[in-house]
Amino acid sequence: MSEINSAVQQMEVLTSKAYELGLEYAPKLALAIVTLLIGLLVIRGLGKILQASMERAKVDPTLIPFISSLTTWILKILLFISVASMIGIATTSFIAVLGAAGLAVGLALQGSLANFAGGVLIMTFKPYKVGDLIESQGHLGVVKEVQIFNTILTSPEHKQVIIPNGAVSNGSIVNYTAEGKIRVDLTIGIAYDADIDKAKSVLMDVLSKHDKVIAEPAPFVGVVELADSSVNLAVRPHCLPEHYWDVFFDVNEEMKKSLDQNSITIPFPQRDVHMINS
C-alpha cells in the first residue's frame, strides 16, 4: 500500500512539474512557432522583392537566381537561430552545436559543398550564362538557370537536365554561343558517276539562298570522303546559335530536293558481286 502511495505522489510531482514547465514554456513555444511561420513568409516575400529589383536593375540573368537563393538560405539560418533563442536555447551554445553539426554534415556532404564551390566559380569566371547553348557532362542544352548547387539546362528535346555545379566546374564545357556564331556540320553523299563540281554548285546555291545562313564565315562545300558507295561532301554553313536547328533541318531537306531536281543521285549502299563459272 505504501508503494502505491509513493508512486501516486511521484506521479503528482511529475504532473506538477510538467504543468509548471508548460505554463513557463508554452507561451514561448507558441510565440516561436508564430515567429517562424511569419518569418518564413517574410523571407519568401523578400526573396521575390530582391529578384524583381535585380531584374529591374538589369543584373546578369545568371546571377539573379543564385544571389536570390543564397540570400534566402542565409536569412532562414538567422531566423532559426533567433527562434531557438526565443525558446530558451542559449544562442552561443546553439551556434557552437551548429558549428559542430556543420562540420559533421560538411564531411558527410562533401559533394554538396563541392557543388556550392563550383557554383561560386561559375558565378565568378562566367564560362556561360543564362541563354547560352552549352555542352557539358555529355549533355547539350540551353542554360535555363544557374542555382547554388546545380545548373539547369533545357535540351533540344525540351527535357530538363540538372547537372551538379561541381562536375561542371571541374569538367570540360563547350559554349556554342560565346563566339556569337556556330558552324553546322552536314554530310551528304553523291554517286561516283555524278559531276562533283555541279553538285558543289547546287549545294552552295542552297546555302546562299537560306536566310539564316550567314555570309561570314563563308559557307563551304568540299569532298570529305570517298566512301564505299558514295562520294561524301562536307557541307559547312554558319549561323547564329539560336538558328542552329532551323539551318540543320532546312538545309538537309533543301539539299535533297535540289539534288533531285538536278538529276544528281544520292546512292544507296551497294555491293558488286562477281560470279565465276568453273
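Evaluation of Ile148 against the conditions (1) farther than 23 Å from Trp245 by Cα; (2) assigned by TED's automatic domain parsing to the domain that holds Tyr244; (3) touching a Phe, Trp or Tyr at 6+ places or on another chain (Cβ under 8 Å) shows that the sole unmet condition is (2).
Kindly establish whether Ile152 is modelled with pLDDT of 90 or more and surrounded by 15 or more Cβ atoms within 10 Å (Cβ to Cβ). For Ile152, the condition - modelled with pLDDT of 90 or more and surrounded by 15 or more Cβ atoms within 10 Å (Cβ to Cβ) - is met.
Yes or no, residue by residue, for (1) surrounded by 14 or more Cβ atoms within 10 Å (Cβ to Cβ); (2) among the basic types (Lys, Arg); (3) in contact (Cβ under 8 Å) with a residue 24 or more places away in the chain; (4) in contact with a helix residue (DSSP H, G or I) (Cβ under 9 Å, 6 or more places away or on another chain):
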{"site": "Ala30", "(1), (2), (3), (4)": "no, no, no, no"}
{"site": "Ile38", "(1), (2), (3), (4)": "no, no, no, no"}
{"site": "Leu50", "(1), (2), (3), (4)": "yes, no, no, yes"}
{"site": "Ala57", "(1), (2), (3), (4)": "no, no, no, no"}
{"site": "Phe66", "(1), (2), (3), (4)": "yes, no, yes, yes"}
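For region 166-186, filtered to residues that are over 14 Å from Glu135 (Cα atoms) and touching a strand residue (DSSP E or B) at 6+ places or on another chain (Cβ under 7 Å), the residue that is surrounded by the most Cβ atoms within 10 Å (Cβ to Cβ) is Val184.
Scanning region 235-249 for residues that are at pLDDT below 95 and either among the charged types (D, E, K, R) or in contact with a Ser or Thr (Cβ under 8 Å, 6 or more places away or on another chain) (or both) yields Pro241, Glu242, Asp246.
Please verify whether region 257-265 includes one or more residues that are over 14 Å from Ala194 (Cα atoms) and surrounded by fewer than 16 Cβ atoms within 10 Å (Cβ to Cβ). There is at least one residue in region 257-265 that is over 14 Å from Ala194 (Cα atoms) and surrounded by fewer than 16 Cβ atoms within 10 Å (Cβ to Cβ).
The number of residues in region 114-159 being of a type in the set (D, E, K, R) and either within 16 Å of Ile67 (Cβ to Cβ) or part of a helix (DSSP H, G or I) (or both) comes to 3.
Taking region 215-235 on its own, how many of its residues are buried (at least 18 other Cβ atoms within 10 Å of the Cβ) and either free of Cβ contacts under 8 Å to residues at least 40 places away in the same chain or under 30 Å from the mean Cα position of the chain (by Cα) (or both)? Final tally of qualifying residues: 2.
When the test is whether a residue is exposed (fewer than 13 other Cβ atoms within 10 Å of the Cβ) and either of a type in the set (A, V, I, L, M, F, W, C) or more than 30 Å from Asp272 (Cα to Cα) (or both), His210 does not pass it. Val202: more than 22 Å from Leu233 (Cβ to Cβ) and either outside the structural domain of Leu70 (by TED's automatic domain parsing) or hydrophobic (A, V, I, L, M, F, W, C) (or both), yes or no? In short, no.
The values are calculated or read from the model by the stated rules, or taken from the named source; none is laboratory data. Please read all numbers here as calculations on a predicted model, not as lab measurements. Ideal geometry is used to build each Cβ from the backbone, glycine not excepted, and the neighbour counts take in all protein chains shown.
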